[in-house]
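The values are calculated or read from the model by the stated rules, or taken from the named source; none is laboratory data. From a predicted model like this one, the values you see are computed outputs, not experimental measurements. As a convention, Cβ positions derive from the backbone with ideal geometry for all residues, glycine included, and neighbour counts pool all protein chains shown.
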Amino acid sequence: MTVSQGCYDVVVIGAGPSGAVASSLLADYGYKVLVLEKEHFPRFSIGESLLPQSMEFLEQAGMLQAVVEAGFQYKNGAAFTRADDYDCFDFRQKFSSGWGTTFQVQRDRFDKILADCASSRGVEIRYGQTVVAVETVADAMQVDVISDDGSVFQVSAAFILDGSGFGRVLPRLMQLEKSSALASRVSLFTHIEDNITDTSFDRNKILITVHPEHRNVWYWLIPFSNGRASAGVVLPREMYVGLEGTEGEILQQFIAEGGMLKRVLENAAFDTPVGIIDGYSCDVETLYGERFALLGNAGEFLDPVFSSGVTIALKSASLAAEVVHQQLQGLQPDWKAEYAIPLMQGVDTFRAFVEGWYDGRLQDVIFAEDKSNQIKEMISSILAGYAWDTENPYVRDPDRLTTLAELCCNGFRN
């Protein structure tokens, strides 16, 4: 028997970063907000290397102090290596104004901190709840939910925000999914006791390693503050299906081929099962409707190479909360102009850089020896998450990356 359990101004699906921030901002406006989360927190998730731009959104939502006090690993940039090549970007040395440092976080703790902050600001969060249906009824959205104890209930809301990430609840229920234009890839990942003794290794930066023979295969190493780290490899799906061995064996074999990464992790203890995400890139027909909007990865997920997922999620939450507020006040906001277009400006910048990474153009820029400080600062800004700063020529016109790569390959200084 389905039981009605109340009416809300906003129902948010998912208590991850986008859901926590959006619900907190809406609660600050005085709205009655319910968050429905399928899992029980804390729970494992990847996407552990934050970008400095995300600090602005955490501060806006009143969550920054709790994150700072959690003791996460300090992060000030990104390092890249390929065979004997190495370069790093210090996010404090960037074109755009704003935060230049951030953290590398275990997402189980990080997400729980954000959710707890939202709860402290008046948001109701229910864990172990799976949204199975949504329907427009009169002037509200009706949401059908199954609890993990098997009970079934309904709630109604004037508006729904989907922050379910890879769960992509509304895209599935409302047939909004479409194929991504990006190639299908597989990611293998785990947490390790890193035991890094190499004094040249910088724990304050994520390390991105390119396979010495396959430029479309890369690895991440994200150090944490407790001597552990997140390690993973990303490779084309067609390459993965031809490999033999367990996920753990495949991951360790690739790391053994990783040049500097192999040396850095020579004493590592692989003590945690390896996870896999297959075909993670995704897209949707629309980011919003009359009474709903999609946040972060529930809308579109590009690729983990630049750690943009959490930043895009938080940006979408910040934008959406303001537009929902206008709508609930009886105004008629333009969701395309005030949400979709501004959000996609940054997503499109990241997409151009993802495409440039895999076709080699961005790698040519990153590993070029003669790029100017000005160019490096502009690239650093985007890598730091400032993909919405249209003062940056590479945000305003991401196609400039092609010309820059050609100049770098020809040895010209820009």
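Any idea which of G19, G62 is of a type in the set (G, A, S) and touching a residue at least 60 places away in the same chain (Cβ under 8 Å)?
Answer to the check: G19.
When restricted to residues that are surrounded by fewer than 21 Cβ atoms within 10 Å (Cβ to Cβ) and closer than 18 Å to F72 by Cβ, region 202-212 contains 3. Please verify whether G128 is under 18 Å from the mean Cα position of the chain (by Cα), under 25 Å from G167 (Cβ atoms) and in contact (Cβ under 8 Å) with a residue 24 or more places away in the chain, treating the condition exactly as stated. Here the answer is no, as G128 does not meet what is asked. Consider region 75-94 and keep the residues that are more than 13 Å from L383 (Cα to Cα) and either assigned by TED's automatic domain parsing to the domain that holds H214 or buried (at least 18 other Cβ atoms within 10 Å of the Cβ) (or both). The one that is farthest from the chain's Cα centre (by Cα) is R82.
For L295, indicate whether it is surrounded by 21 or more Cβ atoms within 10 Å (Cβ to Cβ) and either of a type in the set (S, T, Y) or touching an Asp or Glu at 6+ places or on another chain (Cβ under 8 Å) (or both). So L295 passes the test.
Pick from T390, T403: which is among the hydroxyl-bearing types (S, T, Y) and either touching a helix residue (DSSP H, G or I) at 6+ places or on another chain (Cβ under 9 Å) or within 22 Å of D303 (Cα to Cα) (or both)? Even if it seems obvious, please write down each step before you answer.
Working: T403 fails: either touching a helix residue (DSSP H, G or I) at 6+ places or on another chain (Cβ under 9 Å) or within 22 Å of D303 (Cα to Cα) (or both).
The conditions single out T390.
Among the residues of region 36-55, which ones are among the hydrophobic types (A, V, I, L, M, F, W, C) and part of a loop (DSSP other than H, G, I, E, B)? Hits for region 36-55 are F41, F44, I46, L50, L51.
Going through V305, V274 one at a time, which residue ends up being modelled with pLDDT of 95 or more, within 24 Å of F166 (Cβ to Cβ) and of a type outside the set (S, T, Y)? Outline the logic, then answer.
Working: V305 fails: modelled with pLDDT of 95 or more.
Only one candidate passes the filter, namely V274.
Comparison of I222, I192, I146 shows that the only residue that is over 22 Å from G296 (Cα atoms) and in contact (Cβ under 8 Å) with a residue 60 or more places away in the chain is I192. No other residue among E391, E369 is in a loop (DSSP other than H, G, I, E, B) and closer than 25 Å to Q345 by Cα apart from E391. Scanning region 310-356 for residues that are surrounded by fewer than 24 Cβ atoms within 10 Å (Cβ to Cβ), small (G, A, S) and closer than 16 Å to C282 by Cα returns a single hit, A352.
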